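Asker: I'd like to ask some things about the structure below.
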Amino acid sequence: MTYNFDEIIDRKNSNAMNTEGFREYIFHADSTMRFPYADDEFIRMWVADMEFATPQVIIDAIKTRLDRRIFGYTRVFDPEYYNTFVRWTEKRYQWHFEKEHLVTSNGVIPALYEMVGYICKPDEKVLFVTPSYAYFKYAADFNNRESICSNLINNDGYYTIDFDDFEAKASDEKTALCIFCNPHNPSGRVWTPEELKRVGDICIRHNLWIISDEIHCDLLRVGMVHTPLAKLFPNYDKLITCMAPSKTFNMAGFMMSNIIIPNSDLRSIWKERHYNFDNPLSIAATQAAYAYGADWLDQMRAYLDENFKITGEYLAEHLPKAKYRISEATYLAWVNVGNYLPDEKSLPLFFANKAGVLLEGGNMFVANSDGYIRLNLACPRSIVKEGLRRICEAINNRR
Ligand SMILES: Cc1ncc(COP(=O)(O)O)c(C/N=C2\CONC2=O)c1O
């Protein structure tokens, strides 16, 4: 089957964050905030969900479950749920994990919120690299735990880990947990086994817990290889792995993620305190995604690769002083426009007002992200092209 990723799908009046939630999330404003563009005139390149239809195989599985017509209290009991997912990780990442280590959560972020509280004592710290997905900091904030950040080294747009700084912060006796993003949002880096080995060795040397957030792992550029951190450290049971179908198959609204907790004590705490019920439609959707979604994913990745390619070509022609590298994973382009807008206080506000483009950027990624904008390229190509046209025009025509 050939999928049509050029199709523009109307999301209005579907309670989508993407169309309804931007004022609050990006601008901390209410519905009275106004722009020179009507809401449906915006090109939306901000929140990380896709403008592509969720694969039909997933929709069909949901319909099949709907036909059972009763939707009472539900959790994963069927071993086929685990079998389907572990076959996916074995086939794509040559990584196996034990059935009893798998728990489900209604999202990776809710899992982070819970586990920071289970793992860190009140005076302990959470370490992560920056720039970072802001919810890593929010998970620490929510639990009144201190964040400790290690800035990535930015080599002309290619990010690497400052291992000396990372180890200095990991060695802080109050640092108890590292939340590590692999692949990395927002830089798009796919960490190499060598980089991952150094991260793991440092964390183990300083007796840290590690949560490896691998939610973007399926969204690799063609030819890239994802290495689960736990694959390199099979005997370190203080290493939790988070994966989910939500980013991969555009089903974040089903709020289903897989958390692999090898440490039996932590797993017991999780089972004791976590509200351990799942949406029956989400279980059906997740199982179908991993059982039958590979063909759609492979076609979608090829479409995304082309979107990243045309983005680089367009920026090279129209914004030659911008810094851009094709992300090694995710569907998020990370572009440094600082040479053009060095004094812009809010890049999202500038582009909302001047380009009619909703995007994230600047200080929305905790630290070490000044001058950068993040563009969601998981859109029909015509939308990507119009967004790029508007962004470049707004910059080149600014007064
Ligand atoms: C690294 C990372 N972890 C977790 C999540 C969310 O997981 P969930 O709770 O949905 O299972 C996201 C979503 N990233 C988003 C969502 O919108 N903008 C972003 O950058 C993410 O990028």
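The values are calculated or read from the model by the stated rules, or taken from the named source; none is laboratory data. A quick note: this is a predicted structure, and the numbers were derived from the prediction, not measured. Positions of Cβ are backbone-derived with ideal geometry, glycine not excepted, and every protein chain shown enters the neighbour counts. Side chains included, ligands, DNA and RNA excluded: accessible areas come from the protein's heavy atoms. Shrake-Rupley method; radii C 1.70, N 1.55, O 1.52, S 1.80 Å.
Asker: Search the stretch 159-213 for residues being within 16 Å of the ligand (Cβ to nearest atom) and among the small types (G, A, S), and hand back the single one that is farthest from F365 (Cα to Cα).
Answerer: Result: S212.
Asker: Could you pull out the residue among F27, F35 that is within 16 Å of the ligand (Cβ to nearest atom) and in contact (Cβ under 8 Å) with a residue 60 or more places away in the chain?
Answerer: Matching residue, one of F27, F35: F27.
Asker: Out of P342, P320, I need the residue that is out of contact with any Ser or Thr (no Cβ under 9 Å at 6 or more places or on another chain) and touching a residue at least 24 places away in the same chain (Cβ under 8 Å). Which one?
Answerer: Sole residue among the options that is out of contact with any Ser or Thr (no Cβ under 9 Å at 6 or more places or on another chain) and touching a residue at least 24 places away in the same chain (Cβ under 8 Å): P342.
Asker: Look through N307, N353 and report the one residue that is of a type in the set (S, T, N, Q) and either open to solvent by 40 Å² or more (accessible area, probe 1.4 Å) or part of a loop (DSSP other than H, G, I, E, B) (or both).
Answerer: After ruling out the rest, the residue left standing is N353.
Asker: For A244, which of the numbered conditions (1) away from the ligand (no atom under 16 Å from the Cβ); (2) among the hydrophobic types (A, V, I, L, M, F, W, C); (3) closer than 19 Å to I261 by Cβ fails to hold?
Answerer: If we test A244 against (1) away from the ligand (no atom under 16 Å from the Cβ); (2) among the hydrophobic types (A, V, I, L, M, F, W, C); (3) closer than 19 Å to I261 by Cβ, just (1) comes out false.
Asker: Show the residue pairs meeting these rules: Cβ distance below 6 Å; 6+ apart or different chains; first residue within the stretch 104-115 and more than 8 Å from the ligand (Cβ to nearest atom); second residue open to solvent by less than 40 Å² (accessible area, probe 1.4 Å) and of a type in the set (D, E).
Answerer: The qualifying pairs are T104/D278.
Asker: Still on this structure: Going by the conditions given, is E41 under 20 Å from the mean Cα position of the chain (by Cα) and either buried (at least 20 other Cβ atoms within 10 Å of the Cβ) or modelled with pLDDT of 95 or more (or both)?
Answerer: No, not satisfied.
Asker: Just name the residue that is farthest from G387 (Cα to Cα) out of those in the stretch 44-58 that are crowded, with 19+ Cβ neighbours inside 10 Å and within 15 Å of the ligand (Cβ to nearest atom).
Answerer: T54
Asker: Okay, next question. Can you spot a residue in the stretch 180-193 that is in contact with a helix residue (DSSP H, G or I) (Cβ under 7 Å, 6 or more places away or on another chain), in contact (Cβ under 8 Å) with a residue 60 or more places away in the chain, part of a strand (DSSP E or B) and closer than 24 Å to L332 by Cβ?
Answerer: No, every residue in the stretch 180-193 fails to be in contact with a helix residue (DSSP H, G or I) (Cβ under 7 Å, 6 or more places away or on another chain), in contact (Cβ under 8 Å) with a residue 60 or more places away in the chain, part of a strand (DSSP E or B) and closer than 24 Å to L332 by Cβ.
Asker: Here is a list: S282, S346, S268. Which entry is over 30 Å from F35 (Cα atoms) and in contact with a helix residue (DSSP H, G or I) (Cβ under 8 Å, 6 or more places away or on another chain)?
Answerer: Selected residue: S282, the only one of S282, S346, S268 that is over 30 Å from F35 (Cα atoms) and in contact with a helix residue (DSSP H, G or I) (Cβ under 8 Å, 6 or more places away or on another chain).
Asker: Name every residue in the stretch 108-149 that is over 19 Å from the mean Cα position of the chain (by Cα) and open to solvent by less than 10 Å² (accessible area, probe 1.4 Å), in order of residue number.
Answerer: Passing the criteria: only C120.
Asker: A further question follows. Among the residues of the stretch 229-245, write down those that are assigned to a helix (DSSP H, G or I) and in contact with a strand residue (DSSP E or B) (Cβ under 6 Å, 6 or more places away or on another chain).
Answerer: Result: L229, A230.
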